[in-house]
Each structure stands twice: as structure tokens, then as C-alpha cells.
Amino acid sequence: MTEHDLALLERLRNEPSSDVVDADDPPAVAAALVGAGGRSLAPEDVAGWVAEAQLLRSRAEAVLAAEQVVAGAVAFERSRRLALVSRAPAGDETTPAPAPTEDPADEEDDGPDADRAAVRFSLVVLAFAQVGGIAVYAADGMLLAAAVPALAIVGVLAVALAHRRPPPVRHPEDDEPRSIPVERTVEVAPDPAPEEESSGSPAVRAAEAHLRRQLAAWKVAWWDRELPPADVGTWLGGPPSTTPATLVVTDPERRVDADLYAAMTAALPAAVRVVLVRARAG
């Protein structure tokens, strides 16, 4: 092994990142990297590894997108409930207000608007889920991924149409002011926990169901390869590891082009580096 190759190995040990290197003796450099804990990969197998890594990355990105949809749905439901509470009239000594038990129609003024807002948001969330399902169907032919969000959209529309309420009928005597007790107060309920929001909001339940489907698809993709499922967060990002797993591709004939190498390094997580060892020109 030449001095150039020895210096090259020293640099690869000190800088644990993916790289394309030119060596005087590519097989010897590759063997040294494999002896230090790396895994050898033949040039003809690189395309298969790229396809596998891209599929797993798409699954992980689908899980991350579904988690963001759930977070948005929970935040929207919390803000909607707080807005409804803030509209409740605060009692005082001089302000007349209809008694809640005698005028239920007034209590329900916000109900239809809130229901319509929830239906609209559910449809928006399911539309995102439909787009993701179509993408999964286009990637691996999973028809269920595209059909389930479509059925959910139809179900939400059917429920919304079935529960439309006619406008309340008001009577002349309803317009007469009624006195209220002095020092009347309105009790503000504490923020509902996420579990309570999930049980009461169709939008949150739909988002959580979509997340469960994406997590199941992520796990099945690993089980199909007879491997334990990796952590989604570590696959998608994070700082490079100080001791990454190393894939060593010995390519003295330069059969792996730059585009294929770039696709492989982009699809693999930061905890895996790819070292492409080529023959030194001249």
C-alpha cells in the first residue's frame, strides 16, 4: 500500500462521512476499511441498495407527515374549543341575559358553525391523506392506501348530511328579556387532554388513524426484510454519528456514476456513510 493510500485511510478514519476517493490500490484500501468494521458492497448491487433506501425513506417521510397532521389537528381542535368558551357571556349585575335552561336555542348558536368548521377541517386532513395514499399506491401498488382515505371522505360527507339541523323556531315570547342572578359566573373548563380531544373530534381521530396506518406500513417494510424496525427520527435526520456504519464500494473501473452515488447517500440515514473507492488516475 502506498503512502497516498495510507494517508487516505487516515483521513477516512478522522472524517467519518461519505466520500469518493481515488486510491493507488483500491482493493487494499477497501479491505482495510472492511477490516475496520465496514461492509463491502459490489458495484452491481448499488442500484438495488438505492431502491431499498429510497423506499424506506419514503415510508419514514409518510410517518413524519402524518405526525405533523395529527399535531395540527389537535392544535386546531384546542383553539376551536377555546374560541367557543371565550364567546360565553360573563354575567354582571346590570346585564340581562337569557337563562340557559329556558332558551336552549341561544346556547346552540355556535353549534352549527362549529360543526361545519369541524367537517371542513376533516375534509382538508383527509384530502392530505388521500394525496399520501395515492403516492403510496403509485410507489408500491398498495390499493388500500388510496382507497381508505377516499372511503373516509365519503363517510364524513354522509355523516355531515345526515346530521344537518333545521334552523331553530323562535317564539315572540323568546324576545322578552329575562333577569339573571347577581354575581353570575361562567366556569371555564381546563384544556382537554389530547386523549379527550381524540375521542370528541372527528378530525383528530381521522388524523390519528392515518398515522397508525403509516406506522404500520413502516414496520411491515422492515419485517419484510426480516429486520427490526428502525427509529423513524434517526432515519430521516439528526447529526452524523461519530462512528457511522460504513458501506465500502470497490469500483476500480468507475462503473458507479456520480448520480447513482448521490442518490444512495441522499436516501440512506446520517448514521450510514458510503465510501466509493476508485482507481487513481495516471
> Could you say which residue among THR250, THR234 is closer than 30 Å to GLU44 by Cβ and modelled with pLDDT under 85?
Replying inline: THR234
>> Can you tell me which residue is surrounded by the fewest Cβ atoms within 10 Å (Cβ to Cβ) among those in region 12-43 that are under 11 Å from VAL249 (Cα atoms) and of a type in the set (D, E, K, R)?
In response: ARG39
> modelled with pLDDT of 90 or more and touching a Leu at 6+ places or on another chain (Cβ under 9 Å) - does that describe any residue in region 69-84?
Replying inline: yes
>> For region 251-282, give me the residue count where each residue is loosely packed, with under 14 Cβ neighbours inside 10 Å and touching an Asp or Glu at 6+ places or on another chain (Cβ under 9 Å).
In response: 2
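Does GLU102 satisfy the criteria of being touching an Asp or Glu at 6+ places or on another chain (Cβ under 8 Å) and either at pLDDT below 70 or closer than 30 Å to ASP231 by Cβ (or both)? Write out each step before concluding.
On the way: touching an Asp or Glu at 6+ places or on another chain (Cβ under 8 Å): no; either at pLDDT below 70 or closer than 30 Å to ASP231 by Cβ (or both): yes.
Against the criterion (touching an Asp or Glu at 6+ places or on another chain (Cβ under 8 Å) and either at pLDDT below 70 or closer than 30 Å to ASP231 by Cβ (or both)), GLU102 does not qualify.
Looking at ALA267, ALA271, ALA262, ALA258, which one is under 22 Å from the mean Cα position of the chain (by Cα) and at pLDDT 85 or above?
On the way: ALA271 fails: at pLDDT 85 or above; ALA262 fails: under 22 Å from the mean Cα position of the chain (by Cα); ALA258 fails: under 22 Å from the mean Cα position of the chain (by Cα).
Answer to the selection: ALA267.
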>> From the list GLU44, GLU10, exactly one residue is charged (D, E, K, R), in contact (Cβ under 8 Å) with a residue 60 or more places away in the chain and either part of a helix (DSSP H, G or I) or farther than 22 Å from ALA270 by Cβ (or both). Which is it?
In response: GLU44
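The values are calculated or read from the model by the stated rules, or taken from the named source; none is laboratory data. These figures come from a predicted structure and were not determined experimentally. Positions of Cβ are backbone-derived with ideal geometry, glycine not excepted, and every protein chain shown enters the neighbour counts.
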